[in-house]
1. Nearest 0.05, what FRET efficiency do T96 and I136 give at R0 = 41 Å with Cβ-Cβ as r?
2. Once phi is turned into ³J(HN,Hα) by the Karplus curve 6.51 cos²θ - 1.76 cosθ + 1.60 with θ = phi - 60°, what whole-Hz value does each residue of the stretch 449-460 show in order, with x for glycine and proline?
3. Once the piece of chain linking L80 and N262 is laid out straight, how much longer is it, given 0.36 nm per residue of separation minus the C-alpha distance between them?
4. For T318, enumerate residues with amide H under 5 Å from its amide H, sequence gap 5+ or separate chain, H modeled in the peptide plane.
5. Modelling each spin label as a point 7 Å along the Cα-to-Cβ direction, I'd like the E220/K364 distance in nm, to one decimal.
6. Find the accessible area per residue for the stretch 203-261; the probe is 1.4 Å, ligands and nucleic acids are left out, and the unit is Å².
7. Would you mind computing, in nm to one decimal, how far apart the modelled labels at R342 and L436 are, each placed 7 Å from Cα along Cα→Cβ?
8. At 1.4 Å probe size, with the rest of the protein present, what percent of the exposed accessible area of the stretch 276-357 is carbon and sulfur atoms?
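The values are calculated or read from the model by the stated rules, or taken from the named source; none is laboratory data. All of these numbers come straight from a predicted model, not from anything done at the bench. Cβ: placed from backbone, ideal geometry, glycine included. Neighbour counts: every protein chain shown. With ligands, DNA and RNA removed, areas are computed over all heavy atoms of the protein, side chains included. Shrake-Rupley method; radii C 1.70, N 1.55, O 1.52, S 1.80 Å.
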Amino acid sequence: MADVAVAKSWRDELASLVEDSGIRFAADAIEISTPAFSTPVYEEKRSVYESPATEEVAAERESFKDQIKGFAKAWGEMLLELVRGCRDVVQQSLLTEESYIVQKTKGPLGEVSRRLSVLNELLPEDRDPVHAWPVIFFVFILALSALSVNTKQDTSGAQVKEVYIHPPSATRIVLPDGRHMAYHEIGVPPDSARYSVIAPHGFLSSRLGGIPGVKMSLLEEFGIRLITYDLPGFGESDPHPERNLNSSALDMQYLADGLGVNGKFWLLGYSSGAIHAWAAMKFIPDRVAGVAMFAPFVNPYESSMTKEEMAGTWEKWTRKRKLMYYLARRFPKFLDYFYRRRFLSGKHGQIDKYLSLSLGQKDKALISEPSFEEFWHRDVEESIRQGSSKPLIEEASLQVSNWGFSLVDLQVQEKCSGKGILSWLKFGYGQVKCELTGFLGPVHIWQGLDDQVVPHQMTDYVARILPRVVVHKLPNEGHFSYFFFCEECHRQMFLTIFGSPQGPLENSGDAPMEDDGEQEATNLGEEEATNLDLAAQ
């Protein structure tokens, strides 16, 4: 037996450690059990351990690809366990009955669930709502995705007009701060102009906007010199580093001075371009003879608006337009992404889709006409020629941010010098000097009652706080229908603000007729002062 123990080789010892060989050692005796087929199995095991080279070959058979798969599988299992752990943490800490989130949302979610439970009656009786509704929702998402793909495929075949940037063609002047301003003028020459009219443009427009479709013969008939210009950063005008409505009013004054407009000039404000007309009425009132506005835009966040006026304004706008106004007021930098994808994409679009507008029947009919589309595309091309979204963001922000003044400030009021008891005593002896403040010139507003871009509630607000404003309400007219390509509408506007046509000045010695507007303002101011004096007495 000792010989047998000594004869035990290292291979036998290794085999006994790896797998049961059937040999049992007990003190001085050795018991050998011989199971069925033990010899072949033992020989097979020995053959494995007798060949170390075979083990190396087996290890080499595991390729690099298999190692990568194993590594990825291990990482996947680790991430899965991490997600499960995070889920457990959320469930045990945030979604318990005592957590703040559950306490705040339990009531509203329960109310929503109660109201939506009525829909369970639409399901078959043998269907569990917990399982049925997720399936319905999943199918709905798939169907919506399919419709979206089909829509994209259908519209891709439609012809889309490319944006073409025309060569520079504007005449420019140099402003006192060194910036260049591009302008465009039509109508009678400067030396024979009876009336000078300056028209600032609005969002996504340019100096080419002006009065769309106005006839040269009509301007000559009334002796009008119409001046339009590119706002800073639009068209061919240089950007302004710190643009606001005060600087916008000063730009108009510098433009008038540079073009030889002596005395006062008239302002024409259409849609969002009206914000620059409001600014001129506030900051340079002594240069403005009068104002004509079409659907003038008012800051929809104006605190002096009533709830009815504000609600009537917001309800006419699309959700996307409301979102754009909210971003322009709170997070204007986020608009860069939207503007680059839409306005700077190099593709033209229909105006209502382009600007997310709701339109009435007359407006829908007008924008489908080739003349309107041609004008709109050319104006947009000139507006974005510099390829920057910054001026668009600035303009959108100016519309809904703090203007630096309120429209209430334009009210005509009597302001007396001096304060306190001494001033009151002087007033009793008639020694206190009083003057009228606010904008004293005439203001006319044309407002379409079917306008859903600038709703008539905005004009109602203006008429309430500025009672001297003359409002011309236009039944069945929209935002574009009365102002674009309507010769009779243009004639009526000129007749209203200028009276009977008198043609251009006969010679340069005649004085421009802006003084007529000044005289009308003076008469109105004297009448207003008389009324205020009577009220004081």
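1. 0.85
2. These are the phi-based 3J(HN,Hα) values: 6, 9, 7, 10, 8, 10, x, 5, 4, 5, 5, 4 Hz.
3. Gain on extension, L80 to N262, equals 57.7 nm.
4. For T318, the qualifying residues are S358.
5. It works out to 4.1 nm between the two label points.
6. I get 29 Å² per residue for this part.
7. 4.3 nm
8. 55 percent
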